[in-house]
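The values are calculated or read from the model by the stated rules, or taken from the named source; none is laboratory data. Note that the structure is a prediction, hence the values are computed from the model and not measured. A quick note on method: Cβ atoms are made from the backbone with ideal geometry, for glycine too, and the neighbour counts reach across all protein chains shown. To get the accessible areas, we keep the full protein, side chains included, count just its heavy atoms, and leave off ligands, DNA and RNA. Shrake-Rupley method; radii C 1.70, N 1.55, O 1.52, S 1.80 Å.
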Amino acid sequence: MATITYSDIDPRKKAFIFELDDVLYPAKDYYYQIYYLFANLLEYTELNSASQTTDLMIDTYTKKGEGEVFDTIVSQLNVDEKYRKNLEIMLLTARLPLKLLLYKNMLTFIQEVVLDRKKLFIVTNGNPQMQLNKMRQTEWHGLETYLTCYFTEETLPKPEPETLNLLMKEHNLERRDLVMIGNSDTDSLCAEVCGIDYLAATEII
């Protein structure tokens with residue numbers, strides 16, 4: 001399937017709204033680094049093998065999702081429940097060893113949006129502190145000054161349209177001006193409810 005580039009988009013569009021995880025960058029790049037840091041903490045305090053813990057955490061994330069990771073290392077590696085809090089705090093605040101890198105095609109797309117003097121927004125579901133931590137550690141190539149971010153938890157999470165309605169009001173935009181770029185049924189439903197054009201991130205990346 002041919003990828004969509006910025007030049008394929010209706011030139012009358014004035015603004016682009018992105019989700020963060022698996023749209024601008026691969027979410028796993030964040031979680032895998034956190035698991036590495038956490039596993040090394042366990043090795044230091046409990047003498048568990050860091051590589052074994054990291055491998056199991058990544059494998060669980062891949063097969064079952066982020067919500068199952070800690071329960072799995074408790075049941076399979078006898079990790080003490082008291083460390084759950086450590087992992088939760090790390091997920092919100094940890095400094096990563098490596099910067100998060102945008103998908104190459106997405107970086108090009110955003111750069112072209114900026115060159116064309118159109119507006120860029122991130123409207124993201126999830127814990128605002130964690131989402132902000134991800135953004136602070138992303139390599140934006142100077143694009144961060146052009147981004148305006150909305151955390152849906154501060155109003156109502158997508159697919160509820162409240163955040164998008166607020167965005168349109170605050171930036172004097174209309175539905176026809178917008179393109180929303182996401183990677184989930186939640187995002188596509190939100191765009192549908194709002195009556196704005198939707199593009200799956202997979203068509204760009």
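Numbers at a glance
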| read-out | value |
| --- | --- |
| For Tyr198, distant residues with modelled amide H under 5 Å away | Met180 |
| Given charges at Cβ of Lys, Arg, Asp, Glu: segment 76-197 dipole, positive-most of Val179, Ala191, Gly126 | Gly126 |
| Selected from Asn125, Asn78, Asn105 as most flexible by GNM, with the chain as the system and alpha-carbon contacts under 10 Å | Asn78 |
| Cα pair count fraction exceeding 19 Å, expressed as % - segment 1-57 | 55 |
| Shape call, segment 34-101: gyration tensor on alpha carbons, a/c limit 1.5 | rounded |
| The chain: most fluctuating residue of Val123, Val193, Val23 per GNM, C-alpha cutoff 10 Å | Val193 |
| Dipole magnitude of segment 72-203, debye to nearest 20 (Cβ charges: Lys/Arg +1, Asp/Glu -1, about Cα centre) | 500 |
| Helix-only CD estimate at 222 nm, as mean residue ellipticity for the chain, using -39500 (n - 2.57) per DSSP H run (n ≥ 4) | -14000 deg cm²/dmol |
| For segment 70-174: relative contact order, % (alpha-carbon pairs under 8 angstrom, 6 or more apart) | 25 |
| Computed over the chain: relative contact order in percent, which uses C-alpha pairs under 8 Å that are six or more apart | 29 |
| Å² per residue, accessible surface of the chain at 1.4 Å | 53 |
| Gln129-Asp185 FRET efficiency (beta carbon distance; Förster radius 22 Å; 0.05 resolution) | 0.30 |
| Percent carbon-and-sulfur accessible area, segment 69-145, ignoring ligands, DNA and RNA, probe 1.4 Å | 52 |
| Förster radius 30 Å - calculated FRET efficiency between Thr5 and Lys99 (Cβ-Cβ, nearest 0.05) | 0.75 |
| Cβ-based charge dipole, segment 6-66, positive-most Cα from Tyr61, Ile17, Tyr44 | Ile17 |
| GNM flexibility winner over the chain from Ser188, Ser75, Ser51 (Cα, springs under 10 Å) | Ser75 |
| Of all accessible heavy-atom area on segment 1-62, the percent that carbon and sulfur account for (1.4 Å) | 54 |
